[in-house]
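Presented below is the structure to which this report refers.
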Amino acid sequence: MPLIVEPNLPAPDAFYETLIDTHCGLTDEQSAEMNAALILLLANHIGDMEIIREALQRARQSVQG
């Protein structure tokens, strides 16, 4: 199964609101740790190293410009 890069969330605004709410009250360090934990949980859920590598590469490219 290829990495899905087209919009795939039925309610993207609800997801964003939930993500922001989850970070509420955390320090910057705690927020970074929570993001890392979330990445590991989702990577485990995906379970396909090829898809995970592609996702990591695309995410890195998105911040490098």
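The values are calculated or read from the model by the stated rules, or taken from the named source; none is laboratory data. Because the structure is a prediction, the values reported are computed rather than measured. Neighbour counts run over all protein chains shown; Cβ positions are idealised from the backbone, glycine included. Areas reflect the complete protein model, heavy atoms only, side chains present, ligands, DNA and RNA absent. Shrake-Rupley method; radii C 1.70, N 1.55, O 1.52, S 1.80 Å.
Of everything in segment 16-35, what is surrounded by fewer than 10 Cβ atoms within 10 Å (Cβ to Cβ) and of a type outside the set (S, T, Y)? Give them in sequence order.
If we filter segment 16-35 for residues that are surrounded by fewer than 10 Cβ atoms within 10 Å (Cβ to Cβ), which is where we start, we get 20-21, 24-25, 27-29.
Matches in segment 16-35: I20, D21, C24, G25, D28, E29.
Residue check: is L38 outside any helix (DSSP H, G or I), without any contact (Cβ under 8 Å) to a residue 60 or more places away in the chain and either surrounded by 11 or more Cβ atoms within 10 Å (Cβ to Cβ) or of a type in the set (K, R) (or both)? If you could, list the steps in order and put the result at the bottom.
Numbers: outside any helix (DSSP H, G or I): no; without any contact (Cβ under 8 Å) to a residue 60 or more places away in the chain: yes; either surrounded by 11 or more Cβ atoms within 10 Å (Cβ to Cβ) or of a type in the set (K, R) (or both): yes.
Considered against the rule, which asks whether it is outside any helix (DSSP H, G or I), without any contact (Cβ under 8 Å) to a residue 60 or more places away in the chain and either surrounded by 11 or more Cβ atoms within 10 Å (Cβ to Cβ) or of a type in the set (K, R) (or both), L38 comes out as no.
Does segment 41-65 hold any residues that are of a type in the set (A, V, I, L, M) and open to solvent by less than 60 Å² (accessible area, probe 1.4 Å), and which are they?
A43, I51, I52, A55, A59, listed by residue number.
What pairs come up if the first residue lies in segment 1-15 and is farther than 11 Å from E54 by Cβ, the second is among the polar types (S, T, N, Q) and modelled with pLDDT of 95 or more, and their beta carbons are under 8 Å apart, counting only those six or more places apart or on different chains?
Going by the 8 Å Cβ cut-off, there are no qualifying pairs.
Considering only residues that are open to solvent by less than 70 Å² (accessible area, probe 1.4 Å) and assigned to a loop (DSSP other than H, G, I, E, B), which ones fall in segment 1-15?
L3, A11
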